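The values are calculated or read from the model by the stated rules, or taken from the named source; none is laboratory data. A quick note: this is a predicted structure, and the numbers were derived from the prediction, not measured. Counting neighbours? That spans all protein chains shown, and the Cβs are built from the backbone with ideal geometry, glycine included.
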Amino acid sequence: MIRLSLHGVLRCVSGALGCKIGRLYLFLPCTARLSALAAALTGDGADFDSSSYAVALQGCVRRGDILAGRAVHCGSLKRGDCLELFASNILINLYVKSKCYDDASHLFDEMPLRSTVSFVTLIQGYGQAQQFDKAVKLFSQLHREGHELNQFVFTTLLKLLVSMERAELAPSFHACIFKLGHHCNAFVGTALIDAYSLCRDVSCAKEVFDGLVCKDMVSWTGMVTCLAENECFKEAIKLFLQMMRIGYEPNNYTFAGVFKACLGLEAVELGMSLHGLTLKTCHEVNLYVGVGLLELYSKLGDMEDARKFFEELPHRDVTHWSLMISRHAQGQRSREALDLFRQMEEAGVVPNQFTLASVLQACATMESLESGKQVHCRASKLGLDSNVFVSNALMDVYAKCRRTDVSAKIFERAQTRNSISWNTLIVGCAQSGEAGKTLDLFSNMWKCQIEATEVTYSSVLHACASLAKLDPGNQLHALTIKSTYSKDLIVGNSLIDMYAKCGGIADARLVFDTMNLRDEVSWNTMIMGYSMHGLSGEALRIFEMMKEQNVQPTMLTFVGVLSACSNGGLLEQGQFYFDSMVEDYGIEPTMEHYTCMVGLLGRKGHLAQAAELIGKIPCEPSVMLWRALLGACVTHHNIELGKVSAEKVLEMDPHDEGAYVLLSNIYANTRRWDDVAAVRKKMKDKGVKKEPGMSWVEYQGSVHYFTVGETSHPDMKLINGMLEWLNMKARKEGFIPNCDVILHQVEDEEKERMLWLHSERLALAFALARMPSVGPIRIIKNLRICMDCHGAIRAISGFVQREIVVRDVNRYHHFRDGRCSCGDYW
């Protein structure tokens, strides 16, 4: 290697000096030949000849031989004679091309004289090394020292601005270029076109292009690319055809630009014609052209055409493989994406970060944890697992596979994080039901001053809805308004859902009414919200508004409508909408629709019709449907049908504690205590435990939990005092306890005492005693509110003059002025 390098240098040096060097080179051993050149150039009796050094250094530049170049440089330093400006510039160029930027800088600083070439060469080096601050300072020094501002200076400077993503500064330099008369130069003009393209200023780019006196192939290509990248697709194709008519033959970059224009216009046939042209000109083997064609076929044509073209490529590098894997992963062809990745590995092509990110996307879509782990191992071996694209994709795989703990570890170890990193983990936790962790992550993200996106807000609002946390939801709403994301459709839909599930149905309607754009999700969410709050009439009015605005109802729309009818006991309307769904909209009923209808019929007392409807269902009835019938049997004390329903539920889910409890309640309502005991024994034998009733209320950022007969709360004395006052006041207002809800063999007096120890009443007593006397009281219960508590809270709302909102496992109850939003039907 050294011998060849020196031999090439020697050929470049002519005359007596060259002969002397050649003789030394031939007789020296290999280990000593590296210094032969320097010894000959700097030996005793030899005059210092900067021109010979320059010629030798030019040879080093041509071959990229940094070792020989350093030998020449060392030789000149030993002589103590400085290289002339021409030779020094060549040496700087050698160091820059060899990426020895520190050496180039050191040489530049020691030069007694510098020219524009010196500055431009080193500025180019700093640009390549992405040391943009040094490059800018050097340009300022060039200008300050009064060196010539020629076309090469401006071309280099404009390229530097593009690399720095500061192309918006181009107009300032354009003025200077125009004053100095360089605006007609093709090189400067093309660099200006690239800069204006990056800032999406197509009109200025056109002016520059039209002002070029002598347009070359690079200028035409730059303008075609500018138009294509800025979505002026028709103009790009027109310019391309104009270029062809003039007689210019397109190069690989021109084809890449025009293929992008075809893609933007969805002009597959034109793209195929251009494909034929690339075959004639032998450009289809070029990387950029091949990628452009793959993009065209994979996005617009059949993936099979793209696959065929891909397989016909004589040379496929990592870019081609990555693009094909990416398009398959994005096109719901995840298994094919994994197969392509295996073929790529077998072909010996080393994947890069983009390949791995696409493969991991396919694993996430398939929710294939095993495949994700294998790709994770491959990424670790390649040292790419710390790359931000790969780490984000890894977090997504593990989150989709319900392994958010692994996602969190990857997130914590990540050296580089961006907004996608935070969003991936936040969305993963939200979708996995880890609502509390989602809120904590968002709080940390906000502290780190990472800008949230619509995906962030949607996920965190979903977490607030899951926890029924209205205060954080209100704060998030305020943030969306400040960031203008409140106008986003997805965020707007999430706000409606959050307010509806947190008890703020009026706020949900306000968001709905102020939306600039609504889709079927907006309407469905509003209908479901009203249904959840027992406001069936409002839900049906929204549905009629939806039809008036020609929004096509979906399957989920009718789930909301039928649920509203069921919650409101609107039998005739429910039957009408059920029939209309099939006859007018061609929507076949699903199990959710049948469940709503069975619940509606059953709660209205039409148990035989409900059972008949179940028999007509074309598929196997679901466990939810039998639960709905079982609940109706409890309400109407139908033992036989209730027993059948319970048996069906337990066949499908032997550990369904709700079915045992409801069956036990049916027997208890009819005083069949032996059957009650038998059911409880069966539960014990099977290890099934009844979920304990619990209610909670949030106060000053803390959640206070209460179970039946709670005695451990620190404010228990205050709570008991408030309960006694409420009991006494409610009786004076005419409230009569319903002791039938206590299904135990005890005296009525004991039953009355037990009723006032229910968890929702304890939570209410605490809230009345501790919370400010303004604003609604919000209580959440994990089970269905009992009839007596419903009546008691309704009565209490009348004399405490407060709105009391209770969310049980099924719906919301808004108690105000002695009335409930459900109309006592739930």
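Points worth noting:
- Answer from S219, S203 - the residue that is free of Cβ contacts under 8 Å to residues at least 24 places away in the same chain and within 24 Å of P250 (Cα to Cα): S203
- If the condition is being at pLDDT 90 or above and within 12 Å of V741 (Cβ to Cβ), then segment 768-787 contributes only I785.
- Per the listing A167, A195, A186, A191, the residue uniquely of a type in the set (G, A, S), in contact (Cβ under 8 Å) with a residue 24 or more places away in the chain, surrounded by fewer than 21 Cβ atoms within 10 Å (Cβ to Cβ) and closer than 21 Å to Y126 by Cα is A167.
- Condition check for D471: at negative phi, surrounded by fewer than 21 Cβ atoms within 10 Å (Cβ to Cβ) and touching a residue at least 40 places away in the same chain (Cβ under 8 Å): yes
- All positions within segment 369-386 that are in contact with a Ser or Thr (Cβ under 8 Å, 6 or more places away or on another chain) and within 17 Å of A329 (Cβ to Cβ): none
- Among the residues of segment 112-138, the ones that are more than 15 Å from D102 (Cα to Cα) and crowded, with 20+ Cβ neighbours inside 10 Å come to 2 in all.
Condition check ((1) touching a residue at least 60 places away in the same chain (Cβ under 8 Å); (2) more than 23 Å from I666 (Cβ to Cβ)) across all residues:
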residue	(1), (2)
I736	no, yes
I742	no, no
E749	no, yes
M754	no, no
H758	yes, no
R770	yes, yes
S773	no, yes
I780	yes, yes
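- Check on T355, of a type in the set (S, T, N, Q), closer than 30 Å to Y297 by Cβ and surrounded by 21 or more Cβ atoms within 10 Å (Cβ to Cβ): yes
- Residue in segment 683-701 that is crowded, with 16+ Cβ neighbours inside 10 Å, of a type in the set (A, V, I, L, M, F, W, C) and in contact with a Gly (Cβ under 7 Å, 6 or more places away or on another chain) present: no
- The helices (runs of 4 or more DSSP H) located wholly in segment 249-299 that include 3 or more residues which are touching a His at 6+ places or on another chain (Cβ under 8 Å) and either touching a residue at least 24 places away in the same chain (Cβ under 8 Å) or farther than 21 Å from V318 by Cβ (or both) occupy 287-299.
- Qualifying positions in segment 399-413 - under 19 Å from G383 (Cα atoms) and either surrounded by 19 or more Cβ atoms within 10 Å (Cβ to Cβ) or among the β-branched types (V, I, T) (or both): V406, S407, I410, F411
- When restricted to residues that are among the aliphatic types (A, V, I, L, M) and crowded, with 23+ Cβ neighbours inside 10 Å, segment 358-390 contains 7.
- Residue that is surrounded by the fewest Cβ atoms within 10 Å (Cβ to Cβ) [pool: residues in segment 739-767 that are at pLDDT below 85 and closer than 20 Å to L783 by Cβ]: H744
- Within segment 170-179, if we keep just the residues that are surrounded by fewer than 17 Cβ atoms within 10 Å (Cβ to Cβ) and of a type in the set (A, V, I, L, M, F, W, C), the residue that is nearest to the chain's Cα centre (by Cα) turns out to be A175.
- D396 vs. criteria more than 22 Å from K299 (Cβ to Cβ) and of a type in the set (D, E, K, R): yes
- Checking each residue in segment 420-446 for being of a type outside the set (D, E, K, R) and either out of contact with any helix residue (DSSP H, G or I) (no Cβ under 8 Å at 6 or more places or on another chain) or assigned to a loop (DSSP other than H, G, I, E, B) (or both) picks out S432, G433, S443, N444, W446.
- So D102, is it free of Cβ contacts under 8 Å to residues at least 40 places away in the same chain, within 30 Å of D49 (Cα to Cα), surrounded by fewer than 19 Cβ atoms within 10 Å (Cβ to Cβ) and within 44 Å of the chain's Cα centre (by Cα): yes
- Filter result for the condition that a residue is hydroxyl-bearing (S, T, Y), outside the structural domain of V491 (by TED's automatic domain parsing) and under 34 Å from the mean Cα position of the chain (by Cα), over S531, S536: S531
- Remark: Y660 matches the filter, which requires a residue to be touching a residue at least 12 places away in the same chain (Cβ under 8 Å) and either within 49 Å of the chain's Cα centre (by Cα) or not in a helix (DSSP H, G or I) (or both).
- Within segment 176-194, at least one residue is hydrophobic (A, V, I, L, M, F, W, C) and touching a Gly at 6+ places or on another chain (Cβ under 8 Å).
- Filter pass, L535 being of a type outside the set (G, A, S), under 22 Å from N493 (Cβ atoms) and in contact (Cβ under 8 Å) with a residue 60 or more places away in the chain: yes
- Residue that is nearest to I92 (Cα to Cα) [pool: residues in segment 25-75 that are among the charged types (D, E, K, R) and modelled with pLDDT of 85 or more]: R70
- Taking the criterion of being in a helix (DSSP H, G or I) and within 17 Å of G599 (Cα to Cα), the residues of segment 557-569 that qualify are F558, V559, G560, V561, L562, S563, A564, C565, S566, N567, G568.
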